[in-house]
Amino acid sequence: MHQKRYADLPLRIRLPLYIFVGLSLTLLILPLAAALPISLNSAPWFTYPFPGISLRWFEALFGSEIWVGALLNSVVIALATTVLATTLGTLASIGLVNANFPLRRLVMALAIAPMLMPVVVLGLGLFVFFSPIGLNYTFWGVVVAHTLMATPFVIITVTATLTRFDFTLMRAAASLGAGKVTAFRGVMLPLIAPGVGAGAVFAFATSFDEVVMVLFIAGPEQRTLPKQMFTGLREQLDPTIIAAAVTMVVITSVLMVAALAIARKRR
């Protein structure tokens, strides 16, 4: 319906929209198109033209214990965050989609508040909150902080999926003797799985790319790839940082393609 209405718009209205979207995409892509090729520069300079093409910076990246350790830390933290955020976000969405849920709008606003709050403010608040309970500079402190940021993405995605779910199926399962957990696992979860999967992808990407929370809460043993890149910009500026950026862009792009495929399957 929406596609037909948009197609029926006059060309004089659609053309400015096409131009605006094209310019926006260009402004987003141009900085990457200018910076990322430097990872192939054979010289340790951030300049054009290149004296030669080389993979030496990718070899330096994957041959360094520090960089590889940071990449592994990022993956492990992102996976743990994904499990927690997906579980909490899915359960929260089931309650929030219920019109009889008390103070539903207020709870929904609080649930997605971490998306709207400046990350620096949130990081400082968590640093102060974590200090008395000993979660600063720990693995689980970083995971909890990232879960707080990633859960809203899961809630929004799963809630949108649940609005199209027929809850009479749950009542039918209950009438056949299925308990709530059995009905959720056997009836609801398979039907909303694409939405849950898309939320999990966004949760992973949110944690994997995050750096501000890590700067506040993580210790030396929780050094992630974004934090290592931030440190490298201050201490040892070379194209290895760009090679790490390329690695992150590739991983994130694969995740976004996966999320798009899941979303299409959901339709």
Using label points projected 7 Å from each Cα along Cα→Cβ, tell me how many nm separate I53 and V250, to one decimal.
-> 1.5 nm
Sorted by chain and number, the residues with a modelled amide H under 5 Å from that of N41, at a separation of 5 or more or across chains, are S54
Counting only DSSP loop positions in region 151-190, the trypsin sites (Lys or Arg not before Pro) whose Cβ has at most 12 other Cβ atoms within 10 Å are R164
Residue-averaged [θ]222 nm for the chain, counting only DSSP H segments that reach four residues, each worth -39500 (n - 2.57) | -24000 deg cm²/dmol
For region 55-266, just the Cα atoms, rotate onto the principal axes and tell me the three extents in Å, largest first.
-> 65, 41, 26
If you plug each phi of region 107-120 into the Karplus form 6.51 cos²θ - 1.76 cosθ + 1.60 with θ = phi - 60°, what whole-Hz ³J(HN,Hα) values come out, in order, with x for Gly and Pro?
-> 5, 4, 5, 5, 5, 9, 4, x, 6, 9, 7, x, 5, 5
For region 44-177, alpha-carbon Rg and Dmax in angstrom = 21.7, 73
Scan of the chain for chymotrypsin sites (Phe, Trp or Tyr not before Pro) in DSSP loops with at most 13 other beta-carbon atoms within 10 Å gives a longest site-free stretch of 47-166
Output ³J(HN,Hα) for region 23-39: one whole-Hz value per residue in order, computed from phi by the Karplus curve 6.51 cos²θ - 1.76 cosθ + 1.60 with θ = phi - 60°, and x for Gly and Pro.
-> 5, 5, 5, 5, 5, 6, 8, 4, x, 5, 5, 7, 8, 4, x, 4, 5
Hey, could you grab the Kirkwood Rh for region 142-182? Inverse mean 1/r over distinct alpha carbon pairs, Å, one decimal.
-> 12.5 Å
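Read the figures in this text as sums done on the coordinates, not as results from a lab. Quick caveat: nothing in here was measured; it's all calculated off a predicted structure. No Cβ is skipped: glycine too gets one built from the backbone with ideal geometry, and neighbour counts run over all protein chains shown.
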